[in-house]
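So the structure is just underneath, and the comments pick up after that.
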Amino acid sequence: LKRATGFVLCMAILSSSFTFFLLRKLLHPSKPTSIIASRTNQTHYNFPVSVLIMNSSSSTQLRSYSPSTSNTTYQVPGLDTDEIDRIADQTFERYASKTMNRNGTGIAIVWFRNDLRVLDNEVLYKAWASSEAVLPVYCLDPRLSGTTHYFGFPKTGALRAQFLIDCLADLKKNLIKRGLNLLIKYGKPEEIIPPLAKQFGAHTVFAQKETCSEEVNVERLVGKGLQGLELLSFPGECISHNSLKNCKLQLIWSSCTMYHVDDLPFNTSSLPDVYTQFRKSVEANCGIQSCIPIPMFLGPPVSLDDWGCVPSINQLGLLPQKVTKGMRLVGGESAALSRVHEYFWKKDLLRIYKETRNGMLGSDYSTKFSPWLASGSLSPRFIYEEVKRYERERLANNSTYWVLFELIWRDYFKFISIKYGNSIFHLGGPRKVEQRWSQDQKLFESWRDGCTGYPLIDANMKELSTTGFMSNRGRQIVCSFLVRDMGIDWRMGAEWFETCLLDYDPCSNYGNWTYGAGVGNDPREDRYFGIPKQVSALKITRLKLYLTTTTPL
Ligand SMILES: Cc1cc2nc3c(=O)[nH]c(=O)nc-3n(C[C@H](O)[C@H](O)[C@H](O)COP(=O)(O)OP(=O)(O)OC[C@H]3O[C@@H](n4cnc5c(N)ncnc54)[C@H](O)[C@@H]3O)c2cc1C
Ligand SMILES: Nc1ncnc2c1ncn2[C@@H]1O[C@H](COP(=O)(O)OP(=O)(O)OP(=O)(O)O)[C@@H](O)[C@H]1O
């Protein structure tokens with residue numbers, strides 16, 4: 001019975017996709033198609049399905065079970081708290097330096113942004129080296145609880161907000177272990193940082209340089225606020241620096257990319273548009289800087305009565321959302337370092353990454369590093385050094401290289417955001433392509449809510465809203481479906497991703513969406529992902545379909 005049901009479902013998927021494919025071709029051979037017509041022709045199935053398993057070696061099977069009785073949640077990394085702390089401590093120890101010198105004076109502020117880590121953090125290191133005491137601050141910017149630019153979706157979904165909270169809690173813990181603390185304040189950085197600098201007589205505010213206009217505007221406002229400071233008086237208990245007259249903002253590239261911007265063999269304004277040219281050029285001409293070690297002791301802390309608490313999700317004005325199905329990624333640097341350890345060393349998955357990376361099911365087909373990279377709780381240079389260590393100690397093959405290849409994509413989109421500025425957010429993209437797009441709300445909602453009737457699309461969209469993650473292949477497919485098949489304004493999809501993704505990063509997100517929509521700077525990457533082909537050609541041994549009992553397929 002199971003086999004028969006599986007077969008029926010599988011045929012249903014293929015035939016519904018094929019019907020759609022034919023309709024698309026018949027209606028508009030080259031234009032985006034409205035899928036309403038094809039949806040009404042759909043058969044609706046009501047299976048109690050959570051996971052469809054297609055096995056290439058045996059016949060297709062359907063494992064059906066009631067979601068309410070199944071424990072389908074798993075954590076990434078799949079380690080308990082003690083193990084996570086132990087691995088993080090061991091890694092910190094490996095990177096601890098007893099010889100680092102500190103010869104600065106006064107107080108420096110570290111304004112933490114998307115660099116929520118201790119290891120390989122140049123901002124933290126420079127602040128430490130140039131001062132006698134560091135004040136680390138994180139500002140919970142109320143703009144994060146605002147809405148996206150054009151379509152008014154929540155700027156930060158609850159799952160990413162929770163991930164951020166985990167990151168802050170872990171950063172605070174790791175700073176305290178090293179003799180510091182983290183001041184957490186609610187408010188706009190431009191309203192928090194300058195008064196703090198004044199209160200403590202800080203000589204410099206160190207922060208990571210960002211590239212997109214929203215973040216750059218905040219940098220500008222903080223810089224302006226600091227310029228207007230008159231450092232006249234200081235609280236008695238603080239280290240006194242009456243000679244200081246102003247406080248400057250020092251923005252540091254840090255290691256937000258694997259290749260440092262200063263090491264590129266070209267100016268960002270003449271960055272090659274074609275990814276392959278960019279990659280070949282940096283690989284041939286550019287080294288990767290070593291990770292910055294961690295000073296043994298980062299203290300003393302400044303004297304402060306109230307360091308602020310790690311907020312709850314409600315305090316951020318959001319309703320808590322629990323992951324009840326699928327993957328739950330744990331935020332924070334300790335979890336990030338543990339995931340690298342788990343993926344590379346414990347499970348030894350790096351050796352097969354290239355073969356598995358287009359999968360969709362489970363935690364192990366790809367690294368899942370992206371949420372930690374986006375929040376800055378993981379440095380890409382650390383990943384690079386671990387790949388090299390693995391290549392020395394275990395083996396080097398195409399798979400070990402391919403993780404670096406993918407990280408170069410990440411670098412590329414970061415640099416592209418400098419070259420093309422706000423045009424990566426605009427409808428016509430960097431190439432200013434003129435094209436008519438639909439903003440049909442119903443069609444968009446069917447995509448957003450995973451109710452298109454196309455299981456591959458619906459499964460991926462549901463995974464996104466229930467876990468905050470979607471595989472790279474899933475993202476390419478749902479993007480192609482929205483923009484090429486439905487003809488919907490790609491920014492609606494990009495903004496929905498901005499809301500939901502744990503790994504949301506403006507450069508990678510809008511960079512990939514402009515590619516998918518065919519408005520990116522490299523037109524060669526404009527690819528259509530046909531659903532029937534994807535279902536069959538993926539040769540997936542285990543194709544996850546994330547469907548609930550209540551959803552008609
Ligand atoms: C429409 C669309 C939107 C996307 N939005 C984002 C986003 O907001 N943030 C984000 O980090 N990635 C984004 N990506 C890229 C990619 O899907 C994710 O980085 C990847 O799925 C994360 O899973 P992983 O860490 O297991 O990746 P792995 O396959 O293990 O790759 C390792 C790392 O390489 C980098 N990487 C891999 N592919 C890409 C890529 N195409 N572009 C940029 N970097 C890449 C990531 O940092 C990733 O963590 C998007 C892709 C598409 C098609
Ligand atoms: N980090 C970010 N995340 C999401 N969007 C961003 C980010 N940084 C900048 N943007 C987007 O960049 C755009 C700002 O660019 P620009 O000033 O050209 O547009 P605008 O004048 O605000 O709006 P319009 O283009 O409609 O006139 C906005 O769409 C803004 O939301």
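Listed residues Phe163, Phe151; which is in contact (Cβ under 8 Å) with a residue 12 or more places away in the chain and either of a type in the set (Lys, Arg) or surrounded by fewer than 23 Cβ atoms within 10 Å (Cβ to Cβ) (or both)? Talk me through it step by step, then tell me what you get.
On the way: Phe163 fails: either of a type in the set (Lys, Arg) or surrounded by fewer than 23 Cβ atoms within 10 Å (Cβ to Cβ) (or both).
Among Phe163, Phe151, only Phe151 is in contact (Cβ under 8 Å) with a residue 12 or more places away in the chain and either of a type in the set (Lys, Arg) or surrounded by fewer than 23 Cβ atoms within 10 Å (Cβ to Cβ) (or both).
Select from region 399-431 the residues that are modelled with pLDDT of 95 or more and of a type in the set (Lys, Arg) and write down the one among them that is farthest from the chain's Cα centre (by Cα).
Lys419
In region 455-499, what count of residues is obtained for those that are assigned to a helix (DSSP H, G or I), of a type in the set (A, V, I, L, M) and under 18 Å from the mean Cα position of the chain (by Cα)?
4
Return yes or no: is Ala169 more than 18 Å from the chain's Cα centre (by Cα) and among the hydrophobic types (A, V, I, L, M, F, W, C)? Full working, then the answer.
Numbers: more than 18 Å from the chain's Cα centre (by Cα): yes; among the hydrophobic types (A, V, I, L, M, F, W, C): yes.
Yes: the conditions hold for Ala169.
How many residues does region 68-88 hold that are more than 24 Å from the chain's Cα centre (by Cα) and without any contact (Cβ under 8 Å) to a residue 12 or more places away in the chain?
5
Out of the strands (runs of 3 or more DSSP E) lying entirely within region 126-208, which hold 3 or more residues that are of a type outside the set (A, V, I, L, M) and farther than 28 Å from Val323 by Cα? Working first, answer last.
Details: elements: 133-140, 183-186, 204-208.
Counting at least 3 such residues, we get 204-208.
Anything in region 268-303 that is over 26 Å from the mean Cα position of the chain (by Cα) and not in a strand (DSSP E or B)? List them, or say none. Lay out the reasoning, then the answer.
Quick first cut of region 268-303, residues over 26 Å from the mean Cα position of the chain (by Cα) only: 270, 284-285, 295-303.
Scanning region 268-303 gives Ser270, Ala284, Asn285, Met296, Phe297, Leu298, Gly299, Pro300, Val302, Ser303.
Would you check if there is a residue in region 419-439 being within 11 Å of ligand 1 (Cβ to nearest atom) and farther than 23 Å from Ser363 by Cβ?
Pass one, region 419-439, residues within 11 Å of ligand 1 (Cβ to nearest atom): none.
No, region 419-439 has no match at all.
Between a residue in region 244-268 that is β-branched (Val, Ile, Thr) and any residue that is not in a loop (DSSP other than H, G, I, E, B), which pairs come within a Cβ distance under 6 Å, given they are 6 or more apart or on different chains?
Cβ pairs passing all conditions: Ile252/Glu122; Ile252/Val123; Thr257/Asp411; Thr257/Lys414; Thr268/Phe415; Thr268/Ile418; Thr268/Lys419.
Pairs, please: C-beta under 8 Å, at least 6 apart or cross-chain, first residue polar (S, T, N, Q) and in region 209-231, second within 14 Å of ligand 2 (Cβ to nearest atom)?
Note: pairs meeting the criteria are Thr211/Lys414; Thr211/Ser417; Thr211/Ile418; Thr211/Cys507; Ser213/Gly421; Ser213/Asn422.
Of all the residues that make up region 396-435, how many are free of Cβ contacts under 8 Å to residues at least 60 places away in the same chain and among the acidic types (Asp, Glu)?
Of the residues in region 396-435, 2 are free of Cβ contacts under 8 Å to residues at least 60 places away in the same chain and among the acidic types (Asp, Glu).
Taking region 505-521, which residues are within 7 Å of ligand 1 (Cβ to nearest atom) and within 18 Å of Trp447 (Cβ to Cβ)? Break it down stepwise before answering.
First pass over region 505-521, keeping only residues within 7 Å of ligand 1 (Cβ to nearest atom): 505, 508-509, 511-513, 516.
Hits for region 505-521 are Asn509, Asn512, Trp513, Gly516.
Within the set of pairs 6 or more residues apart or between chains, which connect a residue that is more than 17 Å from Arg357 (Cα to Cα) inside region 456-474 to a residue that is part of a loop (DSSP other than H, G, I, E, B) and within 16 Å of ligand 2 (Cβ to nearest atom) with Cβ atoms less than 7 Å apart?
Once the first residue is more than 17 Å from Arg357 (Cα to Cα) and sits in region 456-474, its partners that are part of a loop (DSSP other than H, G, I, E, B) and within 16 Å of ligand 2 (Cβ to nearest atom) give Gly468/Gly157; Gly468/Leu501; Gly468/Leu502.
Select from region 269-294 the residues that are of a type in the set (A, V, I, L, M) and more than 24 Å from Glu386 (Cβ to Cβ) and write down the one among them that is surrounded by the most Cβ atoms within 10 Å (Cβ to Cβ).
First, the residues of region 269-294 that are of a type in the set (A, V, I, L, M): 271, 274, 282, 284, 288, 292, 294.
Within this subset, residues satisfying the condition of being more than 24 Å from Glu386 (Cβ to Cβ) are 271, 274.
On the way: Leu271: 19, Val274: 14.
The qualifying residue surrounded by the most Cβ atoms within 10 Å (Cβ to Cβ) is Leu271.
The rows are residues; the columns are (1) farther than 28 Å from Lys419 by Cα; (2) in contact with a strand residue (DSSP E or B) (Cβ under 6 Å, 6 or more places away or on another chain); (3) modelled with pLDDT under 95.
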site: Pro189; (1), (2), (3): no, yes, no
site: Pro194; (1), (2), (3): yes, no, no
site: Val205; (1), (2), (3): no, yes, no
site: Glu237; (1), (2), (3): yes, no, yes
site: Asn242; (1), (2), (3): yes, no, yes
site: Tyr259; (1), (2), (3): no, no, no
site: Asp262; (1), (2), (3): no, no, no
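Of the numbered conditions (1) within 16 Å of ligand 1 (Cβ to nearest atom); (2) surrounded by 24 or more Cβ atoms within 10 Å (Cβ to Cβ); (3) assigned to a loop (DSSP other than H, G, I, E, B), Thr452 satisfies every one except a single condition; which is it?
Condition not satisfied by Thr452: (1).
Please give the number of the condition Phe497 fails out of (1) in contact with a Leu (Cβ under 7 Å, 6 or more places away or on another chain); (2) within 11 Å of ligand 1 (Cβ to nearest atom).
Every listed condition holds for Phe497 apart from (1).
Kindly check whether there is at least one residue in region 392-405 that is within 16 Å of ligand 2 (Cβ to nearest atom) and surrounded by 22 or more Cβ atoms within 10 Å (Cβ to Cβ).
Taking every residue of region 392-405 in turn, none turns out to be within 16 Å of ligand 2 (Cβ to nearest atom) and surrounded by 22 or more Cβ atoms within 10 Å (Cβ to Cβ).
Pick from region 465-519 the residues that are within 13 Å of ligand 2 (Cβ to nearest atom) and of a type in the set (Gly, Ala, Ser): which of them is surrounded by the fewest Cβ atoms within 10 Å (Cβ to Cβ)?
Filtering first and then ranking leaves Ser508.
Would you check if Ala169 is buried (at least 24 other Cβ atoms within 10 Å of the Cβ) and more than 16 Å from ligand 1 (Cβ to nearest atom)? Break it down stepwise before answering.
Details: buried (at least 24 other Cβ atoms within 10 Å of the Cβ): no; more than 16 Å from ligand 1 (Cβ to nearest atom): yes.
Criteria not met by Ala169.
For the structure I just gave you, tell me whether Cys139 is crowded, with 23+ Cβ neighbours inside 10 Å and within 16 Å of ligand 1 (Cβ to nearest atom). Steps first, answer last, please.
Working: crowded, with 23+ Cβ neighbours inside 10 Å: yes; within 16 Å of ligand 1 (Cβ to nearest atom): no.
Against the criterion (crowded, with 23+ Cβ neighbours inside 10 Å and within 16 Å of ligand 1 (Cβ to nearest atom)), Cys139 does not qualify.
The values are calculated or read from the model by the stated rules, or taken from the named source; none is laboratory data. These numbers come from a predicted model, not from an experiment. Reconstructed Cβ throughout: ideal geometry from the backbone, glycine too, with neighbour counts over all protein chains shown.
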